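All remarks here apply to the structure that follows.
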Amino acid sequence: MKKIFYIIIIGVTISGCKKTLDLQPLDTISSTNFLTNEAEIKLGLTGVYNGAQWNYGATNTPLLKRIEAATDFGLSRKGSDQEDLMALGDNGPFVNGNAIPASAWSNAYALISRTNSFLEGMKAGETATPTVAYKRMRSEALVLRAWSYYHLMVWFGDVPFFTAPLAPSEYDTQKRISKALITARLYQDLDEAWGSLPAQNDRGRVNKGVAYGLKAKIAMLMKDYQTAANTAKAVIDANTYSLNPTFNNLFSLAGQNANAGNEILFMTQLPSDNANPLSYLQIGLLPRQVLGTSGNNYPNQAMVDKFECTDGKRIDQSPLYDPANPSKNRDKRLGWTIFMPGDEINVATGANASLPYQNPVQRIQYNIYSDIVIRYNWTTNAFVNVAGNPDYVSSTNSVWQFGSTGAVGGVGYCWRKYIDPAQNAFAGKSGYILMRYADILLTYAEAKIELNQVDATVTSAINLVRTRASQPITILGTQDVLRQLVRRERAVEFAMEGVRFIDLIRWGIYNDAVNGPIVGAAKNPTDVPAIPSFGAGVKDLNDIPDYTSSASKRISSRNQTRLTTSKHTLWPIPQGEIDKNQNLIQNPGW
């Protein structure tokens with residue numbers, strides 16, 4: 001299997017920059033006569049998986065991770081970054097031509113084209129392939145195609161839908177098809193896949209859990225809650241998957257390889273038997289005081305304040321919350337997800353490993369409040385103060401930028417999830433998780449809550465996730481109380497995992513959550529900002545904080561204020577696609 005995935009990733013490097021709907025993939029099936037037996041079909045399937053490795057840019061950074069920086073929980077380090085412009089909306093400006101929608105469209109339709117060519121081509125080898133193997137490989141392709149259409153419907157709404165290879169003349173005649181019609185076909189494909197896929201498989205390949213997990217996600221998008229509940233329950237009842245007892249192991253290479261509990265259902269993978277390709281995911285998460293790195297996406301205060309206190313209450317409701325010590329008495333997932341000032345960062349960077357500060361890893365006491373870096377010296381076996389802190393927040397050197405002139409920085413926090421000191425951050429091999437069992441549990445709970453079919457199975461699903469983080473279990477409550485709880489659980493459980501944008505869109509709260517100034521940690525730790533208020537109605541239900549009373553005391557991001565409107569809940573179809581195909585109608589407002 002390692003050899004197969006080596007082929008997959010190399011294919012991404014060669015062909016990942018295709019940007020149009022009408023380009024046939026060059027590294028997949030070129031003739032329907034090629035796939036004449038099981039071995040050839042299996043080789044052809046690697047070309048389909050190739051198209052599922054969605055990256056943004058040339059550094060193997062997952063596209064879905066970059067999109068998360070356009071939500072209420074994140075920001076990009078530069079005002080010119082495309083995700084930053086998207087989040088700013090009309091203040092960006094977020095215009096047609098933004099590179100992220102273009103990349104998303106291109107990635108998704110490249111995978112669809114590969115899948116359609118593969119499904120047509122594999123027919124030539126059906127009689128020479130064992131039935132079970134043939135159905136399984138066909139089903140894998142059906143799931144991957146559905147994965148593309150699901151995301152396209154989230155991002156663009158109604159989209160062109162085709163399930164067979166197109167002749168060149170047909171590409172420029174495609175019309176947008178309603179999400180309802182697309183969903184009906186995807187349900188059929190995923191039902192077929194459920195019947196033909198194994199329950200457990202290599203994490204880089206789809207299995208039963210992925211098929212029905214995806215069907216449940218599509219159903220939630222379409223507010224078909226009964227279907228979502230039924231399909232998620234089928235995955236639960238398969239008794240094949242459970243939660244990894246150690247949350248952090250989900251995001252380290254060793255933990256992913258072991259995959260305790262089979263929690264990871266689907267993820268991207270990089271070859272362990274070859275130096276290249278590799279991932280720079282860790283490099284994009286770390287502060288600049290870690291030698292050789294420079295983060296590109298950061299969490300903000302709204303993300304930090306989403307985590308409950310250890311009594312299970314929101315920070316404005318808990319007597320345990322201390323604004324002067326905001327990491328104290330908090331849900332353990334806060335410390336597992338985010339580096340806060342004062343935390344220790346351990347990371348391996350590989351280069352200059354013999355130097356006193358990098359052998360075997362760099363150890364940093366994360367500091368933004370003085371012009372020193374607190375580094376561990378491996379020669380003296382002690383932390384020492386090193387002058388010159390690139391992340392120092394001050395009135396004259398605000399790299400984290402709470403003024404109006406700087407171009408780089410976040411708001412005082414960094415992502416901890418996916419930081420793995422056991423591997424070189426410049427040669428990362430960890431995969432990016434695309435689906436895990438915790439999502440199945442919370443999807444089931446949410447669907448049942450929306451149906452107002454609240455019973456012990458709902459609280460059981462939620463409590464499995466909460467218990468791993470040592471949070472108090474929940475008991476039966478009203479629909480609104482449980483709706484708030486499950487939405488908060490999704491927020492803190494899946495931070496930076498590519499689901500927040502989708503959740504905000506399907507809940508209809510994207511604008512409510514995103515709009516406003518971006519703030520972070522205290523400018524001065526001795527001048528403690530006030531606890532945010534959470535308003536009423538939609539804001540209270542969705543734990544959306546208001547920092548009006550404390551914004552002046554917090555680090556801000558280039559004095560930015562986000563202003564998204566209804567048009568921003570659907571992205572613009574790339575103009576080049578509309579220029580080529582007059583049948584494509586642009587989304588409203590674009």
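Just so you know, all these numbers are worked out from the coordinates, no wet-lab data involved. Just so it is clear, the model here is predicted, and its values are computed rather than measured. We place every Cβ from the backbone using ideal geometry, glycine too, and count neighbours over all the protein chains shown.
Sort M137, M267 so that the residue with the fewest other Cβ atoms within 10 Å of its own Cβ comes first and the one with the most comes last.
Listed from fewest to most nearby Cβ atoms, that is M267, M137.
For K135, give me every one of the aspartates and glutamates with a C-alpha distance below 20 angstrom, ignoring sequence neighbours fewer than eight places off in its own chain.
By straight Cα distance, K135 reaches E38, E40, E120, E126, D189, D191, E192, D202.
If the cut-off is 14 Å between C-alpha atoms, which aspartates and glutamates fall inside it for K553, apart from same-chain ones fewer than 8 positions away?
Here the aspartates and glutamates satisfying the reach criterion relative to K553 are D527.
Given R₀ = 45 Å, FRET efficiency for A353-I473 by Cβ-Cβ distance, to 0.05? Could the numbers behind the result be given before it?
Working: r = 45 Å, r/R0 = 1.01.
The value I calculate is 0.50.
To one decimal place, what orientation-averaged projected area in nm² is obtained for the convex hull of the Cα set of the chain?
25.4 nm²
Taking 0.36 nm per residue of separation and subtracting the Cα-Cα distance, what length does fully extending Q575 through N230 add? Intermediate results must be reported in sequence, preceding the final value.
Working: separation 345, 0.36 × 345 = 124.20 nm, distance 3.94 nm.
That works out to 120.3 nm of additional length.
Any idea how many Lys pairs in the stretch 213-332 come in under 26 angstrom at the alpha carbon, given 8 or more places apart or on separate chains?
Qualifying lysine pairs in the stretch 213-332: 10.
Would you mind computing, in nm to one decimal, how far apart the modelled labels at A382 and V481 are, each placed 7 Å from Cα along Cα→Cβ?
5.5 nm
Label Q582 and K123 with points 7 Å out from Cα along Cα→Cβ: what is the distance between them in nm?
The modelled label-to-label distance comes out at 3.3 nm.
State to the nearest 20 debye the size of the charge dipole of the chain about its Cα centre, where the only charges are +1 on K and R beta carbons and -1 on D and E beta carbons. List each step's numbers first, then the result.
On the way: 57 positive and 51 negative charges, 83 e Å.
Approximately 400 debye in magnitude.
Hey, rough spin-label estimate for T561 and I372, points 7 angstrom out along Cα→Cβ, what's it come to in nanometres?
Label at T561, label at I372, 4.0 nm between them.
Could you size up the charge dipole of the stretch 253-345 around its Cα centre, putting +1 on the beta carbon of Lys and Arg and -1 on that of Asp and Glu, and report it in debye to the nearest 20? All intermediate terms of the calculation are to be shown ahead of the outcome.
Numbers: 8 positive and 10 negative charges, 25 e Å.
Roughly 120 debye for the stretch 253-345.
Helix 479-493 versus the longest principal axis of the chain: what is the Cα-based angle in degrees, 0 to 90, to the nearest 10?
Between the helix axis and the principal axis of the chain, the angle is about 90 degrees.
Could you tell me the ratio Rg/Rh of the stretch 292-355? Both radii from Cα atoms, Rh via Kirkwood. Don't skip to the answer; put the middle values down first.
Working: Rg = 15.2 Å, Rh = 13.7 Å.
With Rg and the Kirkwood Rh in hand, the quotient comes to 1.11.
Straight-line reach from K175: which lysines have Cα under 23 Å away, leaving out those fewer than 8 places along the same chain?
Here the lysines satisfying the reach criterion relative to K175 are K18, K19, K567, K580.
So which chymotrypsin sites (Phe, Trp or Tyr not before Pro) in the stretch 337-380 are both in a DSSP loop and have at most 14 other Cβ atoms within 10 Å of their Cβ?
none
Compute the helix-to-body angle for 456-468: its Cα long axis versus the longest principal axis of the chain, expressed 0 to 90° and rounded to tens.
Result, in degrees: 60.
I need to check one value: relative contact order of the stretch 331-371, counting alpha carbon pairs closer than 8 Å and at least 6 residues apart, in percent.
Here the relative contact order equals 40 percent.
Which of G508, P588, F247 sits closest to the plus end of the dipole of the chain, meaning its Cα is farthest towards the positive end, when Lys and Arg get +1 and Asp and Glu get -1 on the C-beta?
Among G508, P588, F247, the one farthest towards the positive end of the dipole of the chain is F247.
Output needed: percent of Cα pairs per 10 Å distance bin for the stretch 64-150, bins running from 0 to the one holding the longest distance.
Spelled out per bin, shortest first, that is 16, 32, 21, 16, 12, 3.
If you restrict to DSSP beta bridges whose two residues both lie in the chain, what percentage is antiparallel, to the nearest 5?
Within the chain, antiparallel bridges account for around 95 percent of the total.
Can you work out the Karplus-derived ³J(HN,Hα) for every residue in the stretch 83-91? Use 6.51 cos²θ - 1.76 cosθ + 1.60 with θ = phi - 60°, whole Hz, and x for glycine or proline.
Values, residue by residue: 5, 5, 5, 4, 5, 6, x, 5, 8 Hz.
Projecting each Cα onto the charge dipole of the chain (Lys/Arg +1, Asp/Glu -1 at the beta carbon, about the Cα centre), which of N60, G537, T293 comes out farthest on the positive side?
T293
Assuming R0 = 30 Å, what is the FRET efficiency of E170 and L451, from their Cβ-Cβ distance, to the nearest 0.05?
It comes to 0.15.
If each Cα of the stretch 159-264 is one equal point scatterer, what is log10 of I(q)/I(0) from the Debye formula at q = 0.11, 0.13, 0.15, 0.23 Å⁻¹?
Taking Cα atoms of the stretch 159-264 as identical point scatterers yields -0.47, -0.62, -0.76, -1.18.
So how do K179, K135, K313 line up by other beta-carbon neighbours within 10 Å, fewest first?
K313, K135, K179
Within the stretch 117-140, find all residues whose amide N lies under 11 Å from a label point positioned 7 Å from the Cα of F34 along Cα-to-beta-carbon.
What the label zone holds, given the 11 Å backbone N cut-off, is 117-118, 121-122.
Over 15 Å apart: what share of the alpha carbon pairs of the stretch 106-193 falls there, rounded to a whole percent?
Percent of Cα pairs beyond 15 Å in the stretch 106-193: 61.
Would you work out the relative contact order for the chain, in percent, from Cα pairs under 8 angstrom that are 6 or more residues apart?
Across the chain, relative contact order equals 18 percent.
What does a probe at K78 reach in the stretch 47-71, counting residues whose amide N is under 14 Å from the point 7 Å along Cα→Cβ?
Residues passing the 14 Å test: 57-59.
For an R0 of 35 angstrom, estimate the FRET efficiency from the Cβ-Cβ distance between N346 and S460 and round to the nearest 0.05.
The formula returns an efficiency of 0.45 here.
Just subtract the alpha-carbon distance of A324 and A530 from 0.36 nm times their residue separation and send over the number in nm, one decimal. Can you show the working numbers first?
Numbers: separation 206, 0.36 × 206 = 74.16 nm, distance 0.96 nm.
Extra length available between A324 and A530 comes to 73.2 nm.
Before anything else, pin down the relative contact order of the stretch 452-590: Cα pairs under 8 Å, at least 6 apart, normalised by residue count, whole percent.
20 percent
Using the C-alpha gyration tensor of the stretch 505-573, what are the square roots of 5 times its eigenvalues, in whole angstrom, with the largest one first? If you can, show how the numbers build up before the last one.
Numbers: eigenvalues 136, 49, 11 Å².
Gyration-tensor ellipsoid for the stretch 505-573: 26, 16, 7 Å.
In debye to the nearest 20, how big a dipole does the stretch 459-566 give about its Cα centre with +1 on each Lys and Arg Cβ and -1 on each Asp and Glu Cβ?
220 debye
Does anyone have the angle between helix 99-121 and the longest principal axis of the chain? Alpha-carbon axes, 0 to 90°, nearest 10?
For 99-121 against the chain, the angle is about 30 degrees.
Using Cβ contacts closer than 10 Å as the measure, can you line up S169, S533 from fewest to most?
Lowest to highest Cβ neighbour count: S169, S533.
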